[in-house]
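Colleague: Here it is, the structure, as structure tokens.
Values quoted throughout were computed directly from the atomic coordinates according to the rules given, and no laboratory measurement underlies them. This structure is a prediction, so every number in the text was calculated from the model and none was measured. Here the Cβ positions follow ideal geometry from the backbone for every residue, glycine too, while neighbour counts run over all protein chains shown.
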Amino acid sequence: MAREAPPTAGLPLGMADLLPGGDADLGGALARFLAVPTVQVECSGTAALMVALTALRSLAPERDEVVAPAYTCPLVALAVAHCGLRLRLCDLAPDSLDLDLPDLAPLCGHRTLAVLPTHLAGRVVDTGNVRSLARAAGAWVIEDAAQALGARTAGASVGSGSDLAFFSLAVGKGLTLFEGGALIAANPLLRAACARASRNNVPRHAFWELRRCAELLAYAALYRPSALPWAYGAPLRRALARGDRVGAAGDDFSARIPLHRVGRWRQSVGVRALARLPDWLAAGQARAAPRLARLRRIPGLTVLDDSPAVDGAEGTWPSFLVLLPDAAARETALAALWGAGLGVSLPFVHVLPDYPRYADLVAVEDRSAELPHARSFAARVLSIGNSPWLDDAGFAQICGLLERAACGPRNPPLKPPISPTPGPAAPAARG
Ligand SMILES: *Cc1c(COP(=O)(O)O)cnc(C)c1O
């Protein structure tokens with residue numbers, strides 16, 4: 001295998017990023033980047049969400065439910081469970097990443113602590129309508145911007161208009177410390193509650209920080225075209241060969257969520273890499289424009305964009321999400337493209353209740369919910385990495401295969417020959 005495009009456009013690290021010393025105030029640097037007063041750095045996006053939920057619970061101990069989209073990162077479900085809260089699932093709007101407002105309205109009530117609109121794959125989703133519904137029920141809004149660091153609405157960072165928001169600094173989400181998270185809050189009361197929740201619950205834990213330092217060094221060494229076939233492609237193809245889609249998509253999370261402080265060295269690596277992030281995101285946007293135009297010309301393919309409900313949305317483009325016309329077409333495309341070294345993958349394999357290992361984390365009344373739009377989304381979606389290491393020939397190959405998959409078999413199957421012997425009798429018409 002000569003090449004391997006990663007599934008997202010992660011910012012590579014250089015040797016100079018890894019030197020000791022320098023500014024270790026990653027929170028301050030992120031606050032300037034996001035144009036918000038302060039940013040609280042945590043050891044993962046999941047940890048940032050847990051700190052946020054703990055903070056809100058301290059302000060409203062009687063509220064114990066969290067509403068999240070049914071199609072989201074399973075770590076969200078693990079975080080909610082770790083906080084002793086109940087996870088309620090909201091359907092998506094049809095062919096959209098927006099929460100389905102008719103489904104959301106009855107989920108919001110006196111038990112609702114927070115609602116989590118989720119900016120998946122850099123796409124800006126509707127938060128204004130979600131805020132209105134949440135506020136009417138006395139609940140807070142936490143924007144899950146794990147995959148959307150740098151995305152903006154009318155010039156302001158996503159998340160800055162809601163009560164709380166978190167970003168992930170994990171591998172594959174753009175800027176990375178191997179694992180890391182950033183939490184922002186809209187007002188001083190919430191900021192103080194989050195700072196307190198972190199102080200009271202997050203230990204220093206030198207072992208975990210040391211391990212993350214080693215993992216960050218390994219990432220810096222291996223996140224390059226020459227190493228990715230071995231470091232990313234080989235395990236991916238092994239998982240696919242044994243039929244393990246959850247492993248192939250990276251959805252196989254440990255139920256143990258480490259909580260620890262992020263040390264000075266990793267923060268200083270983040271500060272140095274962050275200086276390159278604006279140019280990196282701009283280059284990603286420039287690369288995305290013609291590729292999006294090409295994808296939009298494929299008949300039958302739906303290309304996910306920022307929500308039409310948001311004025312002035314400017315999402316980021318770590319990857320492109322597309323919807324095939326039906327599940328069979330998506331399977332055809334996946335069979336040809338997943339594991340082919342072109343950075344095609346699934347954001348997540350299932351809606352949360354359809355993972356045997358995570359179904360129990362969902363509130364019991366939602367485990368058998370229909371969630372028709374989210375299920376249809378999960379069955380038809382496919383993600384294409386927007387890495388600079390995916391060259392034009394590779395992208396053209398993806399488009400050709402999507403074109404064929406989206407318009408179905410080129411020649412409709414021949415009608416079966418008329419059988420000389422009568423088949424089973426047709427069932428009598430009902431009615
Ligand atoms: C990755 C992710 C998280 C969790 O972030 P980590 O930094 O990996 O803990 C939460 N929500 C979504 C949508 C994610 O993609």
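Colleague: Only Lys, Arg, Asp and Glu count, each charged at its Cβ (+1, +1, -1, -1), so figure out the dipole size of the chain about its Cα centre, rounded to 20 debye.
Modeller: The calculated dipole for the chain is roughly 720 debye.
Colleague: Please list the non-local residues whose amide H lies under 5 Å from the amide H of Val141, H modeled 1.01 Å from N, same-chain partners needing a gap of 5 or more.
Modeller: Long-range HN contacts for Val141: Val115, Asp163, Leu164.
Colleague: Can I ask one more? Rounded, prolate or oblate: which one fits segment 16-201, using the alpha carbon gyration tensor with axes a ≥ b ≥ c (rounded when a/c is under 1.5, else prolate when a/b beats b/c, else oblate)?
Modeller: Prolate is the answer for segment 16-201, as a/c is 1.5 or above and a/b outweighs b/c.
Colleague: Still on this model: With a cut-off of 8 Å between alpha carbons and a minimum separation of six or more residues, what is the relative contact order of segment 281-325 in percent?
Modeller: Relative contact order, segment 281-325: 45 percent.
Colleague: Using amide H atoms built in the peptide plane, which far-off residues or other-chain residues are under 5 Å from Glu42 H to H?
Modeller: Long-range HN contacts for Glu42: Gly181, Ala182, Leu183.
Colleague: Then there is this: May I ask for the distance between the Cα centers of segment 74-99 and segment 218-294, given as a whole number of Å?
Modeller: 23 Å
Colleague: Over the chain, what relative contact order in percent results from Cα pairs under 8 Å that are six or more residues apart?
Modeller: For the chain, the relative contact order is 25 percent.
Colleague: Here's a follow-up. May I ask what percent, to the nearest 5, of DSSP beta bridges between residues of segment 16-201 are antiparallel?
Modeller: Given both bridge residues lie in segment 16-201, the antiparallel proportion sits at roughly 45 percent.
Colleague: Follow-up question, since we're still on this one. Along the charge dipole of segment 16-201, Cβ charges K/R +1 and D/E -1, which of Thr38, Val130, Leu116 sits furthest on the positive end?
Modeller: Thr38
Colleague: Please identify the longest segment of the chain free of exposed trypsin sites (Lys or Arg not before Pro), where exposed means a DSSP state other than H, G, I, E or B and no more than 11 other Cβ atoms within 10 Å.
Modeller: Result, exposed sites excluded: 1-203.
Colleague: I would also like to ask the following. Which ³J(HN,Hα) values, rounded to whole Hz and listed in residue order, are derived for segment 236-244 from phi using the Karplus coefficients 6.51, -1.76 and 1.60 in 6.51 cos²θ - 1.76 cosθ + 1.60 with θ = phi - 60°, glycine and proline given as x?
Modeller: Per-residue couplings from phi come out as 4, 5, 5, 5, 5, 5, 8, x, 9 Hz.
Colleague: How far is helix 264-274 tilted, in degrees, relative to the longest principal axis of the Cα atoms in the chain, given as a value from 0 to 90 rounded to the nearest 10?
Modeller: Rounded to the nearest ten degrees, it is 60.
Colleague: Excluding Gly14 itself, calculate the net charge of residues whose Cβ lies under 14 Å from the Cβ of Gly14, where each Lys or Arg counts +1 and each Asp or Glu counts -1.
Modeller: My count for the surroundings of Gly14 gives +1.
Colleague: Under the rule a/c < 1.5 gives rounded, and otherwise a/b versus b/c splits prolate from oblate, where does the chain land using the Cα gyration tensor?
Modeller: The shape class here is oblate.
Colleague: Once you charge only the Cβ atoms, +1 for Lys and Arg and -1 for Asp and Glu, what is the size of the charge dipole of segment 16-201 about its Cα centre, to the nearest 20 debye?
Modeller: My answer is approximately 460 debye.
Colleague: Using amide H atoms built in the peptide plane, which far-off residues or other-chain residues are under 5 Å from Cys90 H to H?
Modeller: Ala68, Ala70
Colleague: Please return the longest stretch of the chain lacking exposed loop sites, where GluC sites (Glu not before Pro) count only if DSSP places them in a loop and at most 16 other Cβ atoms lie within 10 Å.
Modeller: Between the exposed loop sites, the longest stretch runs 63-369.
Colleague: Tell me, how many Å apart are the Cα centres for segment 135-157 and for segment 335-397?
Modeller: Rounded to whole Å, the Cα centres lie 22 Å apart.
Colleague: If you take the square roots of the eigenvalues of the alpha-carbon gyration tensor of segment 1-88 and sort them as a ≥ b ≥ c, do you get rounded (a/c under 1.5), prolate (a/b over b/c) or oblate?
Modeller: The shape class here is oblate.
Colleague: Pairs of Cα atoms under 8 Å, at least six residues apart: use those to get the relative contact order of segment 16-201, whole percent.
Modeller: About 24 percent, as a whole number.
Colleague: Between Arg238 and Leu59, what is the spin-label point distance in nm, taking each point 7 Å from the Cα along the Cα→C-beta axis?
Modeller: With each label point 7 Å from Cα toward Cβ, the separation is 4.6 nm.
Colleague: Calculate one ³J(HN,Hα) per residue across segment 108-117 by plugging θ = phi - 60° into the Karplus curve 6.51 cos²θ - 1.76 cosθ + 1.60, and present them in order as whole Hz with x for glycine and proline.
Modeller: 8, x, 6, 8, 6, 8, 8, 10, 10, x
Colleague: Still on this model: With both partners inside the chain, how many of the DSSP beta bridges are antiparallel, as a percent to the nearest 5?
Modeller: 60 percent
Colleague: Let me ask something additional. In whole Hz, what ³J(HN,Hα) sequence does segment 180-193 give by Karplus (6.51, -1.76, 1.60; θ = phi - 60°), x for Gly and Pro?
Modeller: Result, rounded to whole Hz: x, x, 9, 10, 10, 9, 7, 9, x, 4, 5, 4, 5, 5.
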